[in-house]
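Everything below concerns the one structure shown next.
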Amino acid sequence: MKSVKFLFIAVAMLFAFQACKTTDGPEAVTEKFMNHLMAGEYAKASEYGTESTKQMMQMFEALESLGGERMADADVKPEKIKNVNCDVDGDTAICRFEEEGEMAELNLVRVDGKWLVDMKKENPFGDMDMDWEEDAEWEDIVIEEEN
């Protein structure tokens, strides 16, 4: 009888744990979004974005269909992003990462418990003029990764 109770409690805890894990964290969302974006998979990338981000993805797709420059070369597999580090403040996050040797960042917001990339037309990839060398915390993470 004790083993049945133990099994019941274990199964209940497993279901409770899975129910609490309803969203991906901002780091995972950033990686998924950027990997789809770099692969030119705009519809899939837009699944991880706010309405303004979805509009940006539609614009990228439209520009590409008009003969514009592709975000991704069909013959080259895009490099994965590295060193994702997110600063979370309530329902907003700024995620910094390395993309093909360059530092970049994305803004995310939590909507109904789900993290979404929040690209704005006027500033789609966050503050790209940031002096990354002066950001000691980020520099420590990069140095640790290199060692």
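The values are calculated or read from the model by the stated rules, or taken from the named source; none is laboratory data. This one's a predicted model, so the numbers in the text were calculated from it and none came from an experiment. Heads up, the Cβs are rebuilt from the backbone with ideal geometry, glycines too, and the neighbour counts pull from every protein chain shown. In case anyone asks, the SASA skips ligands and DNA or RNA and just uses the protein heavy atoms, side chains included. Shrake-Rupley method; radii C 1.70, N 1.55, O 1.52, S 1.80 Å.
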Within region 108-118, work out how many residues are buried (at least 20 other Cβ atoms within 10 Å of the Cβ) and either among the aliphatic types (A, V, I, L, M) or without any contact (Cβ under 8 Å) to a residue 40 or more places away in the chain (or both).
-> 3
Failed item, numbered, when residue 96 is tested on (1) open to solvent by 70 Å² or more (accessible area, probe 1.4 Å); (2) at pLDDT 90 or above; (3) of a type outside the set (A, V, I, L, M) = (1)
Top-ranked residue of region 19-47 - restricted to ones that are open to solvent by 100 Å² or more (accessible area, probe 1.4 Å) and modelled with pLDDT under 95, ranked as nearest to residue 61 (Cα to Cα) = 22
Could you please give the count of residues in region 62-86 that are modelled with pLDDT under 90, surrounded by 18 or more Cβ atoms within 10 Å (Cβ to Cβ) and outside any loop (DSSP other than H, G, I, E, B)?
-> 0
